[in-house]
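As structure tokens, the structure follows; a few thoughts come after it.
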Amino acid sequence: MMENLINDLLDLAKLENNSFSLSLDYFNLSSTIYSALQMLLFNANKLGINLKAEIDKESNLDLI
């Protein structure tokens with residue numbers, strides 16, 4: 001969690017200095033959504049917040 005915060009702050013600093021670059025690599029979007037949801041679930045559940053993600057199977061997010 002702390003590492004993510006530090007990386008986000010470094011990215012913001014790069015944006016301010018116009019030295020930020022994007023990676024154009026392919027990735028599996030549904031896996032990324034699932035991983036992000038898993039990181040948020042613990043704290044959300046402690047706060048009584050129910051999180052879920054529904055991904056339409058016809059959207060073909062797993063093809064990349």
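The values are calculated or read from the model by the stated rules, or taken from the named source; none is laboratory data. Worth saying up front: this structure is predicted, and the values here are computed from it rather than measured. FYI the Cβ positions are ideal-geometry reconstructions off the backbone, even for glycines, and counts take in every protein chain you see.
What to note about this one:
- Condition met for MET39 (modelled with pLDDT of 85 or more and of a type in the set (A, V, I, L, M)): yes
- The residues on offer are SER21, SER59, SER30, and the sole one that is modelled with pLDDT under 85, in contact with a Leu (Cβ under 7 Å, 6 or more places away or on another chain) and of a type in the set (Ser, Thr, Tyr) is SER30.
- Total residues in segment 1-33, condition of a type in the set (D, E, K, R), over 13 Å from the mean Cα position of the chain (by Cα) and either part of a helix (DSSP H, G or I) or surrounded by 10 or more Cβ atoms within 10 Å (Cβ to Cβ) (or both): 4
- Of all residues making up segment 48-64, the number that are surrounded by fewer than 10 Cβ atoms within 10 Å (Cβ to Cβ), in a helix (DSSP H, G or I) and among the polar types (S, T, N, Q): 0
- Unmet criterion (only one of (1) surrounded by 10 or more Cβ atoms within 10 Å (Cβ to Cβ); (2) under 15 Å from the mean Cα position of the chain (by Cα)) for ASN45: (2)
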